[in-house]
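The values are calculated or read from the model by the stated rules, or taken from the named source; none is laboratory data. All values reported here derive from a predicted model rather than from experimental measurement. Note that each Cβ is placed from the backbone with ideal geometry, even for glycine, and that neighbours are counted across all protein chains shown. These area figures cover heavy atoms from the full protein model, side chains too; ligands, DNA and RNA do not enter into them. Shrake-Rupley method; radii C 1.70, N 1.55, O 1.52, S 1.80 Å.
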Amino acid sequence: MKKLPGRLMICLAAALLMFHTTAANIYVADSTENRDLTAGEMATLQDDRSDYRGMKTIYSLSDYDKNEVLVLYTDGSVRLIPCSSREELKTLLSRLEEDPSVEVYQPDFSYSADAVETTPAFSSVSSSLPVFYGAPEEAQAMTEYLRERAEFSIAQPHPLSPADPYYYLQWGLVNNGTFTGAGAEVVPQVDIDINAPEAWAAYRAKRPAVVALIDTGVEYENPEIRSSIWTNEDETDGNGLDDDGNGFVDDVRGWNFYSNNRQIYAGTAEDEHGTHCAASMVAASNATSISGIADYSNIRLMVLKALGGKGGEGTTLSIMKAIQYAEQNGAVICNLSLGTGVNDYLLYKTMKNSRMLFITAAGNSEDPSKKGRDIDQEPCYPASYSLDNILSVANLDASGNLHYTSNYGRASVDMAAPGTDILSIASGEQLAFMTGTSMAAPMVTAAAAMVYSSSWSRTVLETADILKKTLKPVAALQDTTGGGGIPDLAAALAWK
Ligand SMILES: [Ca+2]
Ligand SMILES: [Ca+2]
Ligand SMILES: [Ca+2]
């Protein structure tokens, strides 16, 4: 937690007095300027509930656009209360303010997955080289392009290349300067990558690391990822009982907090985002399809579906419950490739109180034709929260530049990682290039899992610190991220 400057603290006291009337817009009264609180200031302010002078919320009526209220009770339970009218909502809010069993209440905010672009999927079995679906001209151009790249890359393999046939397109793992992207105008730079092959050679697993992926669903039975999926060994499948008493019946493979059931894969396009993120992290090195990052290791991926629908939408409640489940069931690292522009107190509190390390996507411009933004100035949450247990990740392309849609911020964003034209599994045998900070975050999550699991005793915060201390410097990131680089997994694993 960053400390507030003294002058600002004094000003905050004045700002607090304004809460009752202008709850949604909080300003710092400064001698020279009036400005919005930064994310860090807001988080600090939110963290000390005593400063609320008895108030249980910082949100105004207009924030409750869905006419429902998310309530945290003093016993730790959480409830979403729907209202049928604005009048009923107003009455409820007044009642909650007076209710001694209520700790905090707020709107149930909306989140969405942080990918901006997907190219046509292709099948990995019909040919030794990818064959694309989609518009015929586009698919044809793509196929030809990849054939050329393949000839070049296969002729100059990395000495530690795995045998997975599409490894040569995974420029984020090792960039030999041949991959210019899925039709993008990118001049690839050798070694703009996370040094994965060198890391694989050095990696020795010491203990398991359970990694929670809170995202859309995941095709957990895909042959590329099924051997790395976490299973709840204390739960008996299909007997209709909550055998381990964790509050979830038959939660053998995680839970679906989006629909509140045990089905973590819908079998439709809505779960491609999570499947893509999952396979980037743990796809098997099995001479088939792609290679994951942490597939050689002791990583177990806990699938928690909290996003669904066409755009991968979720809410405060679905994500918060997934975080609590992850922690209670042994996860130590948690990937959040999702975001919102709203400062969400309950999500903030849940993350702050968690012992897990969170890897968060820095977010993308909401309009894919526009540039990303500085989230120190205009926050994206949870990436902008100033917490020690968050690493926020921007999206780098193969040339060593931030993708134009990627958010950035020297205070809010710790590092970038490969996130542009990332090849991974969409579903079944179909692969897809996806672009977004959503794709960058799993690279860091997998790296964190390997660093953590390669030590007997390292904490997750020490793990995060090692990743930050061993970043590979990238010129374009010096002024746009706190660390000025991308993970160097080989250097991180070699850290003593
Ligand atoms: Ca259970
Ligand atoms: Ca059971
Ligand atoms: Ca594979």
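Got a sec? Which of 308, 312, 274 is in contact with a His (Cβ under 7 Å, 6 or more places away or on another chain) and within 21 Å of residue 116 (Cβ to Cβ)? Don't jump to the end; show me each part of the working.
On the way: 308 fails: in contact with a His (Cβ under 7 Å, 6 or more places away or on another chain); 274 fails: in contact with a His (Cβ under 7 Å, 6 or more places away or on another chain).
Result of the check over 308, 312, 274: 312.
Starting from the range 243-258, take each residue that is closer than 22 Å to residue 270 by Cβ and free of Cβ contacts under 8 Å to residues at least 12 places away in the same chain and list its partners that are within 12 Å of ligand 2 (Cβ to nearest atom) and open to solvent by less than 40 Å² (accessible area, probe 1.4 Å), counting only C-beta distances under 7 angstrom and pairs at least six apart or across chains.
Hits for this filter: zero, empty list.
Any residue at all in the range 303-323 that is farther than 23 Å from residue 388 by Cα, within 16 Å of ligand 3 (Cβ to nearest atom) and modelled with pLDDT of 95 or more?
Scanning the range 303-323 turns up no residue that is farther than 23 Å from residue 388 by Cα, within 16 Å of ligand 3 (Cβ to nearest atom) and modelled with pLDDT of 95 or more.
Among the numbered criteria (1) in a loop (DSSP other than H, G, I, E, B); (2) of a type in the set (S, T, N, Q); (3) within 29 Å of residue 314 (Cα to Cα); (4) at pLDDT below 95, which single criterion is violated by residue 222?
Unmet condition: (4).
Inside the range 211-251, can you point out the residues that are surrounded by 20 or more Cβ atoms within 10 Å (Cβ to Cβ), within 16 Å of ligand 1 (Cβ to nearest atom) and among the β-branched types (Val, Ile, Thr)?
Within the range 211-251, none qualify.
Does any residue of the range 320-327 turn out to be more than 16 Å from ligand 1 (Cβ to nearest atom) and either touching a Gly at 6+ places or on another chain (Cβ under 9 Å) or not small (Gly, Ala, Ser) (or both)? Write out each step before concluding.
Residues of the range 320-327 more than 16 Å from ligand 1 (Cβ to nearest atom): 320, 323.
Okay, now just the ones that are also either touching a Gly at 6+ places or on another chain (Cβ under 9 Å) or not small (Gly, Ala, Ser) (or both), so 320, 323.
Checked against the condition, which is being more than 16 Å from ligand 1 (Cβ to nearest atom) and either touching a Gly at 6+ places or on another chain (Cβ under 9 Å) or not small (Gly, Ala, Ser) (or both), the range 320-327 yields at least one hit.
For residue 264, which of the numbered conditions (1) within 16 Å of ligand 3 (Cβ to nearest atom); (2) modelled with pLDDT of 95 or more; (3) in contact with a helix residue (DSSP H, G or I) (Cβ under 9 Å, 6 or more places away or on another chain) fails to hold?
(1)
Conditions tested, residue by residue: (1) in a helix (DSSP H, G or I); (2) open to solvent by less than 10 Å² (accessible area, probe 1.4 Å).
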position: 278; (1), (2): yes, yes
position: 287; (1), (2): no, no
position: 290; (1), (2): no, yes
position: 293; (1), (2): no, yes
position: 301; (1), (2): no, yes
position: 322; (1), (2): yes, yes
position: 326; (1), (2): yes, yes
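Go through the range 303-317 and give me each residue that's open to solvent by less than 10 Å² (accessible area, probe 1.4 Å) and small (Gly, Ala, Ser).
From the range 303-317, those open to solvent by less than 10 Å² (accessible area, probe 1.4 Å) are 303-308, 312, 314, 316; that's our starting set.
Selection gives 306, 308, 312, 314.
For the range 420-443, name all the residues that are assigned to a helix (DSSP H, G or I) and either touching a helix residue (DSSP H, G or I) at 6+ places or on another chain (Cβ under 7 Å) or closer than 18 Å to residue 290 by Cβ (or both).
Of the residues in the range 420-443, the ones assigned to a helix (DSSP H, G or I) are 437-443.
Selection gives 438, 439, 440, 441, 442, 443.
Yes/no per residue for (1) modelled with pLDDT of 95 or more; (2) in a loop (DSSP other than H, G, I, E, B):
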| position | (1), (2) |
| --- | --- |
| 66 | no, yes |
| 70 | yes, no |
| 81 | yes, no |
| 89 | yes, no |
| 104 | no, no |
| 112 | no, no |
| 120 | no, yes |
| 129 | no, yes |
| 137 | no, no |
